[in-house]
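The structure under discussion appears below in the form of structure tokens.
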Amino acid sequence: MIRISLSPLSDMYADTKNTEMKNHRYDLLIVGAGFAGLYMLYRARKLGLSARVLEAGLDVGGTWYWNRYPGARCDVPSMEYSYSFSEALQQEWRWTEVMAAQPEILDYARHVADRFDLRKDIQFSTRVKAAQFDEEASTWQVITEAEEAFLGRFCVMATGCLSVPNMPELAGQEDFQGAVYHTGAWPHEGVDFSGLNVGILGTGSSGIQSIPEIAKQANSLTVLQRTPNYTMPAHNGPLSEAFQAEAKKNYAEIREHQRASQIGIIGYGFGFGGAKAMTPSQQIVETTAEERERLVEQEGFSAIRRFADVATDSDANELACEMYRIQVARVVHDGETAEALMPRGYPMGCKRPVIDTDYYETFNRPNVRLVDLRKGGIRQMTASGVSTEQGDFAFDAFVFATGFDAMTGALERIDIRGRQGRSLVDHWHAGPRTYLGLAMRGFPNLFTITGPGSPSVLSNMLVSIEQHVDWIGDCIRWMDGAGHREIEATEAAEAQWVEHVNEVAEGTPYTAASCNSWYLGANIPGKPRIFMPYVGGVGRYRETCDHVVEQGYAGFHLRTGP
Ligand code: FAD
Ligand code: N01
């Protein structure tokens, strides 16, 4: 292994000319071995390209390798949250639940790695700290934390949108004597909360999934909530053999519909969340208060799914929020707790939708209490727990379910430098700027999978990952065939795309002034408030990407040469 320290570009390139470095020269360097990195490696091999994957973790799986908290599972039907690139793979793999739990998804990622013999080109326990473009050689040099260097004609960042845990800085954290966990970096050996008094901070998807499970085990669970969330019952359950067989017969059609859809999910046969499929067709603004109350009584939270105008009309949205709060009051026995759990003041649908199993019911357990931080926030952590403006709470263990530095976090933690040594952090100082969420001006031959400006986190990410990987693979094949050595987004194309991404997001609940979501970077102090994903839809976006190709990679500058 050759070890070098970060040095000016000219020195780095001189280093790479020694013979040992030949072992580290590839067509393609891929950072990350989650679903994106695994498929990129598979595609590279199919194209006859040499590729190396560098992965910080000790195994494949990405999200599903790191997020092992109790209750972790996906909220897309399993039959749809899976690769489509191999007919044999999709026919042979058997899912056991409508929406699979983390261990099963991790098994699937491992199976894919083994089945296609991918591991031999993946270097685990290897965190990339820098990547720099050598303009003279049209080559990316990627440096790891262990100071190992790799050269690639192309570099693909498959670093994930939700892979950097957000750990709020609470004063006195180092004084706390109990165990501390983050849902996004859960111990691999698991955690036994039996007999313990546990505190948990955060009521996003990870908190809402883990709270019911931790409550079943712990002596007591105290939920520290800053903002109540909207969450719908998941109605998860076992996946019948008959249904699975039928779906497998229809896979070609299912995949085609996924790819053309808005979010990459068609809820094939069982509807989103495993409940009966329900296409929103009614207008909530045309209902009376009595009708809405009756519907809530009959159908609970699911009644809201009837209405199409909730997503498009703010008055309709507020009526749906009222229905939602009525149902919270019906489920949660204690009036004060119910009131604290009711979301108010921001629209339904502005944050990532959450689905749950027995979330509200959990607050009826005698060992669970809610601390509404809006009535008095956290002052600091102490040796025994957490001190708030409304009193002190003692814990044996504390869980941060506080989310991620999403979409840009993993990319900005790598010192990525393009032309003239310009850093990506500088390029993105006012928020991420990309062309199609795939490429950036000033960073030739660098691609991002599900980058900001693409449907990514607003979609079934397996569908978006496959589309990006295929696009990148086709692009490299075409470049090699045509003798192009560099591809780079033009300034105009990048600017137009950023404008388009902002334009389509305008007026949606996502960008409401009252909304503080991680989509907007609002969860990270100091992060520019920009809506990062592309809301135009998976189908429309795919057409745009295809059109760019048909036009000879419109919006990209190509450089030809040896
Ligand atoms: P990741 O799985 O995040 O993999 C990125 C990999 O890159 C990681 O292994 C990381 O270690 C590695 N990496 C990052 N930086 C570096 C570096 N500097 N050096 C080396 N390695 C690095 N999406 C859905 O569509 N449906 C769902 O139901 C769903 N559920 C989710 C549940 C949870 C708990 C979370 C956190 C996310 C969920 N997602 C879901 C989103 C999920 O992230 C994607 O579906 C998908 O797994 C992303 O795959 P990826 O390969 O792009 O990224
Ligand atoms: O993170 P989040 P997550 N003090 O950012 C609170 C995917 N995912 O890990 O709302 C006090 O949503 C914060 O409060 P507030 C999915 O895409 C999917 O739960 O900022 N509280 C919030 O309550 C999801 O959207 C699944 O006021 C603080 C919580 O922590 C994404 O990952 C499951 C705080 C963070 O919620 C992220 O979800 C899990 C502070 N300083 C994850 N800082 C599925 O089911 C943060 N919070 C598919």
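Brief remarks on what is shown
- For segment 523-532, the criterion of being crowded, with 19+ Cβ neighbours inside 10 Å, within 16 Å of ligand 1 (Cβ to nearest atom) and closer than 30 Å to I254 by Cβ is satisfied by at least one residue.
- Members of segment 486-500 found to be out of contact with any helix residue (DSSP H, G or I) (no Cβ under 7 Å at 6 or more places or on another chain), outside any helix (DSSP H, G or I) and either surrounded by 18 or more Cβ atoms within 10 Å (Cβ to Cβ) or among the small types (G, A, S) (or both), listed by number: E486, E488, A489
- Cβ pairs under 6 Å, 6+ apart, first in segment 103-129 and within 27 Å of A146 (Cβ to Cβ), second within 16 Å of ligand 2 (Cβ to nearest atom) and not in a helix (DSSP H, G or I): L106/G61; A109/G61
- Segment 55-83, residues that are within 28 Å of A137 (Cβ to Cβ) and either surrounded by fewer than 23 Cβ atoms within 10 Å (Cβ to Cβ) or outside the structural domain of T144 (by TED's automatic domain parsing) (or both): A56
- Residue within segment 65-72 that is assigned to a loop (DSSP other than H, G, I, E, B), modelled with pLDDT of 95 or more, within 13 Å of ligand 1 (Cβ to nearest atom) and among the polar types (S, T, N, Q) present: yes
Yes/no matrix, rows are residues, columns are (1) under 19 Å from V368 (Cα atoms); (2) in a helix (DSSP H, G or I):
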position	(1), (2)
V310	no, yes
D315	no, yes
E318	no, yes
R325	no, yes
H333	yes, no
A338	yes, yes
P343	no, no
C350	no, no
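- Entirely in segment 143-222, the strands (runs of 3 or more DSSP E) that have 3 or more residues that are surrounded by fewer than 24 Cβ atoms within 10 Å (Cβ to Cβ) and within 16 Å of ligand 2 (Cβ to nearest atom): 179-182
- Cβ-Cβ contacts under 7 Å between residues 6 or more apart (or on different chains), taken from a first residue in segment 291-305 that is touching a residue at least 24 places away in the same chain (Cβ under 8 Å) to a second residue that is of a type in the set (S, T, Y), are listed as F301/Y324; I304/Y324.
- Taking residues in segment 442-465 that are in the same structural domain as S261 (by TED's automatic domain parsing), and partners anywhere that are buried (at least 24 other Cβ atoms within 10 Å of the Cβ) and aliphatic (A, V, I, L, M), not one pair has Cβ atoms closer than 6 Å while being at least 6 places apart or on different chains.
- Residues being more than 30 Å from R226 (Cα to Cα) and in contact with a Gly (Cβ under 9 Å, 6 or more places away or on another chain) - total across segment 401-450: 22
- Members of segment 108-142 found to be of a type in the set (F, W, Y) and either farther than 20 Å from S86 by Cα or not in a loop (DSSP other than H, G, I, E, B) (or both), listed by number: Y108, F124, F133, W140
- Among the residues examined, M79 does not qualify as within 18 Å of the chain's Cα centre (by Cα), at pLDDT below 95 and hydrophobic (A, V, I, L, M, F, W, C).
Residues checked against (1) touching a Phe, Trp or Tyr at 6+ places or on another chain (Cβ under 8 Å); (2) more than 26 Å from N236 (Cα to Cα):
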site	(1), (2)
V332	yes, no
M342	yes, no
P353	yes, no
E361	no, no
L370	yes, no
K375	no, yes
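- Filter result for A554 (out of contact with any Lys or Arg (no Cβ under 7 Å at 6 or more places or on another chain), in a loop (DSSP other than H, G, I, E, B) and not assigned by TED's automatic domain parsing to the domain that holds P347): yes
- Residue list for segment 104-131, filter: within 16 Å of ligand 2 (Cβ to nearest atom) and either touching a Cys at 6+ places or on another chain (Cβ under 9 Å) or under 19 Å from G160 (Cα atoms) (or both): I105, L106, Y108, A109
- Pair list, Cβ < 9 Å and 6+ apart or interchain, from segment 326-350 residues that are outside the structural domain of S314 (by TED's automatic domain parsing) to residues that are surrounded by fewer than 19 Cβ atoms within 10 Å (Cβ to Cβ) and assigned to a helix (DSSP H, G or I): none
- Flag if D474 is of a type outside the set (K, R) and over 26 Å from G61 (Cα atoms): no
The values are calculated or read from the model by the stated rules, or taken from the named source; none is laboratory data. Keep in mind that what you see is a predicted model, and the values were worked out from it rather than measured. Note that we place each Cβ from the backbone using ideal geometry, even for glycine, and neighbour counts take in every protein chain shown.
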